[in-house]
Each structure stands twice: as structure tokens, then as C-alpha cells.
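Notes for the one structure printed next.
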Amino acid sequence: MKFLMLQKLVIIATLQIIMAAFPASMATSSSLIVATVLSSDQPRYRNAHKAFVRAMAAKGYDQTSIELVTQIPNPDPISWSNAIRKFNAIGANLIVTFGAPATLSAIQDSQDIPIVFVDVYGPLETGIAKSLATPGKNATGVSSKVPLATLIKTAQLFKQFRQVGVLYSSREIGSVVQLKEVKRLALQNHFSVVESNIDSNAALDNALSSLLPQVDCLYVTESSVVGRYLDKVIRRSIDQKVPVITQIPDSCEKGALVSLEAHPGEMGHQAAELAAKVLSGKKPAVIPIVSPKKVDLIVNLKTSHVLDLVVPIQVLNVATKIIK
């Protein structure tokens, strides 16, 4: 009798743990479950996510018709994979991923649930899609790829850089794709690349100490580790009279010399359009990948002054935004 009572208590405790892991409304609701995961806790992903949620609500997919579950795991492969497995366990109807790392984990660990990705640099180069017109697999989404060649050429109008430093992360495929693009452009534009692989704040400090004395320009890829400490990267670079160029949104507001940026808010709205199509029954494999229409080439005049760089008239003519 005591054994049966103990067994009953164990079962009850186990059920309580399972129910505590998920909201009660999720366990009983017949609503669609839309699960979202951010590759890291960065403003670009948070802003795109907010825009996505607003746009979905405007289409009738608000809290009365969908369960929205959000995860922001640590930026590492195990955490990304665990987040996706949680979505599998709760029976998500759609997974929305922000950034290439979370997207790759979703494709690998959730082959039966449709995926809409947001802010992925180079869906083809990262292996996420086989073509822009017909992505294949179970995913479609929004590409954030903007022409790196334009950013490099604009920077070289200020000065013919000879040594360009690159901060990247080998565990983030989008960051690796950008490193490869810089190396290809280096051959065409006659500069050399000094790369530094960043996987922690400590590694970033060491990289900046060794890299900045060697280079006359610093390119920052879309790495979550570097993005988290972008203010520090820009501050230390300016102290060493090294201009920073990047495609990270809002970087010029923080002091980068030149940036070429896709707009996170627009990408969130575009993702909602795609999500609505998927939830209505269309297969992601045949929904074309879209690119943001709003891309800004931004120049910071205050930074150019601090770095003793004259802003060429050609740059002023092509810039869509100038920070004075």
C-alpha cells in the first residue's frame, strides 16, 4: 500500500514538472503554435521579432488565435538545437528563426515542421536553401544579404586600405560566409586580410590588442559575440585611428565609419507575410525567398573627422543617410 502511494506521488510530481515547463494555456489550447527563436540576444533580432509579432497581429494572428512561444538561447550549437527540440516536443505548427545559426539548427532538428527564417545572410551560401525561387526542404524566409562589394568600394573612396582586419566567428555560418567574401574582394581590390576568430569576450579583447596595430581598416562580420560588444570594438578602433565598416544595423550610430544595412523592421514584416502563407497551407519549399527593399548606405561624418579622413563627394552622393 505504501509502495502504491509512493508510486502515485512520483507520477503526480512528474506531471507537475512537465506542466510547469510549458504555459497552461499551451497545454489546453487548440490554437496554432508559432514558435520563434533568436540566434542571440541582439537588437537586430529583437527589432525584427517585434515587427514580426505586430505584422502577424495585423493579419489576424494575434494572441487570440495563436500561441506565440519565444526562445533566446545562449549563442552556441547545443543551445540552438535544444530550443528547436523543445518546439518539436510541444508540437509547433510553425518555427520562425532569426539569424542563420538558429535556422540551420531548425532545418537539421525539425524536418517535419515548416520554417520561416529572418535575417539570414546568404541563404544559398550557408546551405539553407538550394535556390531563391524554390528553396526546397521545409524552409523559406528573408535574406539579409547586401552587396559587400559596395561597402568595400565606398570605404576605399576614403582611403586605399592595405590591411583589412576581419572579426568573425567560426561557429556562425553567416559570419564565415562574410569572411570568405572579404577574402575574394581582397584579391580584386589589392588589399590583404588579417582575420581573427572570436568565440568569447576575452578572445575579442585579445584580438583587438593584436589586430588593431596591424590594420588600417576593420571589417566586423555579423557575429553574435562581436555584435554584443560592438560599442567596445568601435571605441577601441577609433582610439587606434582605425575605421570600422560593417553591415550590422545601427553600427554607424555607434561610431562606425560606413555601414550597409538591411532594415530589421522591414524583414520582420516580410517574414509575417511568408508565415501567413505557410499557415494558410502553402509549402515553404515553393515560396520564394525575399530580400529587403530598404537598404541604407550610412556614413558617419563625426567619425571621419575624428579619424582625419576627408569624406569624398562620391560618398556623399551615394549615401542614403549621413550622421553629422
- Item | Farthest toward positive dipole pole in the stretch 52-211 [+1 Lys/Arg, -1 Asp/Glu at C-beta], among Ala92, Ala155, Thr140 | Ala155
- Residue by residue, what Karplus-based ³J(HN,Hα) values in Hz, rounded to whole numbers, does the stretch 251-264 have, using 6.51, -1.76 and 1.60 with θ = phi - 60° and x for Gly and Pro? 6, 5, 4, 8, x, 4, 6, 9, 9, 10, 10, 7, 8, x
- Report, in degrees rounded to the nearest 10, the 0 to 90 angle that the Cα long axis of helix 201-211 makes with the longest principal axis of the chain. 20
- Note on the structure: Relative contact order as a percentage, the chain, C-alpha pairs under 8 Å and 6+ apart, gives 19
- Message: Sort Val226, Val194, Val318 by heavy-atom solvent-accessible area, probe 1.4 angstrom, most to least.
- Response: Val318, Val194, Val226
- With θ set to phi - 60° and the Karplus curve 6.51 cos²θ - 1.76 cosθ + 1.60, what are the ³J(HN,Hα) couplings of the stretch 165-172 in order, to the nearest whole Hz, using x for Gly and Pro? x, 10, 9, 8, 10, 5, 8, 10
- Item | Pairs of Cα atoms farther than 21 Å apart, the stretch 137-219, % | 35
- Query: To the nearest 10 Å², what's Tyr45's accessible area with a 1.4 Å probe?
  - Reply: 10
- Query: All other residues with a Cβ under 12 Å from the Cβ of Ser105 taken together, and with Lys, Arg as +1 and Asp, Glu as -1, what is their net charge?
  - Reply: 0
- Per-residue ellipticity at 222 nm attributable to helices in the chain (runs of n ≥ 4 DSSP H, -39500 (n - 2.57) apiece, nearest 500 deg cm²/dmol) works out to -13500 deg cm²/dmol
- Task: Between beta-carbons, use under 14 Å as the cut-off and find the net charge around Leu132, counting Lys and Arg +1, Asp and Glu -1.
- Result: +2
- Principal axes of the stretch 100-167: Cα extent on each, largest first, Å: 51, 25, 16
- Nonlocal amide H pairs with Val96, under 5 Å, H built at 1.01 Å: Ala35, Thr36, Val37, Val116
- the stretch 82-101 to the stretch 191-210: how many Å between their Cα centroids? 32
- Message: Distance cut-off 18 Å, Cα to Cα: go down the list Lys183/Lys293; Lys145/Lys293; Lys183/Lys232; Lys254/Lys324 and report the pairs above it.
- Response: Lys183/Lys293; Lys183/Lys232
- Message: Amide H of Glu67 versus every other amide H placed in the peptide plane: which residues, excluding those fewer than 5 positions away on the same chain, fall under 5 Å?
- Response: Leu32, Ile33, Val34
- Query: Among Lys241/Lys294; Lys86/Lys294; Lys130/Lys282; Lys50/Lys153; Lys180/Lys277, which pairs are too far apart, with a Cα-Cα distance over 26 Å?
  - Reply: Lys241/Lys294; Lys86/Lys294; Lys50/Lys153; Lys180/Lys277
- Measure off, as a whole percent, the carbon and sulfur share of the 1.4 Å-probe accessible area of the chain, all protein chains present. 56
- Query: Just for the chain, what percent of DSSP beta bridges are antiparallel, to the closest 5?
  - Reply: 10
- For the chain, give the magnitude of the charge dipole about the Cα centre (Cβ charges: +1 Lys/Arg, -1 Asp/Glu; no others), in debye to the nearest 20. 300
- Against the longest alpha carbon principal axis of the chain, how many degrees, from 0 to 90 and to the nearest 10, is the axis of helix 148-158 turned? 30
- Task: Could you state the angle between the C-alpha long axis of helix 43-58 and the longest principal axis of the C-alpha atoms of the chain, as a value from 0 to 90 degrees rounded to the nearest 10?
- Result: 50
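The values are calculated or read from the model by the stated rules, or taken from the named source; none is laboratory data. All values derive from a computational prediction rather than experimental measurement. FYI the Cβ positions are ideal-geometry reconstructions off the backbone, even for glycines, and counts take in every protein chain you see. Side chains are part of the model used for accessible areas, which takes the heavy atoms of the whole protein and leaves out ligands, DNA and RNA. Shrake-Rupley method; radii C 1.70, N 1.55, O 1.52, S 1.80 Å.
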